[in-house]
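Each remark here refers to the structure printed beneath this line.
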């Protein structure tokens, strides 16, 4: 962006450390179980083939590491600047998505049910539209002129709504 805009609000959210470790631990446990199952099955049928065991071992080391790195990188960034609302779910979105008053018919802070309405956390699609959320059950609902809806998860939903209102008084 060539011109500087005034930053009014900024929020960065990341998945909790406990969730990252839970995913890595569950994957780390599946590899030994898979290797055990494979060696047991092949030993009953004769000598085990070493290639599948080696491939499972390599996958068991690198896949959990790759997923852990991905969860370390994942973050939802929300900014309200003088020229619009900016959202980025990194690394899925390299650049911020910008929304202006011309894009929206309304916006409002609300409480929601992440699993029931959107199927969980992350970049999700549900019966009430799309959601970008990391944790919790509060956010700001955006309703676009096209009728589409996008929920932005926020730990400070009311503050985010106020910041949006400060630059988009016509919508909402």
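Some observations on this one:
- Residue in region 38-56 that is part of a strand (DSSP E or B), surrounded by 15 or more Cβ atoms within 10 Å (Cβ to Cβ) and at pLDDT 65 or above present: no
- Within region 128-149, the set of residues being in contact (Cβ under 8 Å) with a residue 40 or more places away in the chain, surrounded by 15 or more Cβ atoms within 10 Å (Cβ to Cβ) and farther than 15 Å from residue 74 by Cα comprises 142, 144.
- A search for C-beta distances below 8 Å between a residue of region 4-22 that is farther than 16 Å from residue 156 by Cα and any residue that is surrounded by fewer than 13 Cβ atoms within 10 Å (Cβ to Cβ) and at pLDDT below 95, counting only pairs 6+ apart in sequence or on different chains, returns 5/82; 6/82; 20/72.
- Once region 72-92 is narrowed to residues that are touching a helix residue (DSSP H, G or I) at 6+ places or on another chain (Cβ under 8 Å) and crowded, with 18+ Cβ neighbours inside 10 Å, the residue that is nearest to residue 134 (Cα to Cα) is 78.
- Filtered residues of region 66-91 (kept if out of contact with any strand residue (DSSP E or B) (no Cβ under 6 Å at 6 or more places or on another chain) and more than 14 Å from residue 163 (Cβ to Cβ)): 66, 67, 68, 69, 70, 71, 72, 73, 74, 91
- Restricting attention to region 109-127, the residues being surrounded by 15 or more Cβ atoms within 10 Å (Cβ to Cβ) and either modelled with pLDDT of 90 or more or not in a strand (DSSP E or B) (or both) number 7.
- Flag if residue 109 is over 17 Å from residue 11 (Cα atoms) and touching a residue at least 24 places away in the same chain (Cβ under 8 Å): no
- Matching residues in region 111-150 - criterion: being in contact with a helix residue (DSSP H, G or I) (Cβ under 7 Å, 6 or more places away or on another chain) and under 17 Å from residue 163 (Cβ atoms): 138, 139, 140
- Residue check, residue 139 touching a strand residue (DSSP E or B) at 6+ places or on another chain (Cβ under 9 Å) and assigned to a loop (DSSP other than H, G, I, E, B): no
- For region 154-164, the criterion of being closer than 21 Å to residue 15 by Cα, without any contact (Cβ under 8 Å) to a residue 24 or more places away in the chain, under 14 Å from the mean Cα position of the chain (by Cα) and buried (at least 17 other Cβ atoms within 10 Å of the Cβ) is satisfied by no residue at all.
The values are calculated or read from the model by the stated rules, or taken from the named source; none is laboratory data. Model, not experiment: these values are computed from the prediction. Every residue, glycine among them, receives a Cβ derived from its backbone with ideal geometry; neighbour counts consider all protein chains shown.
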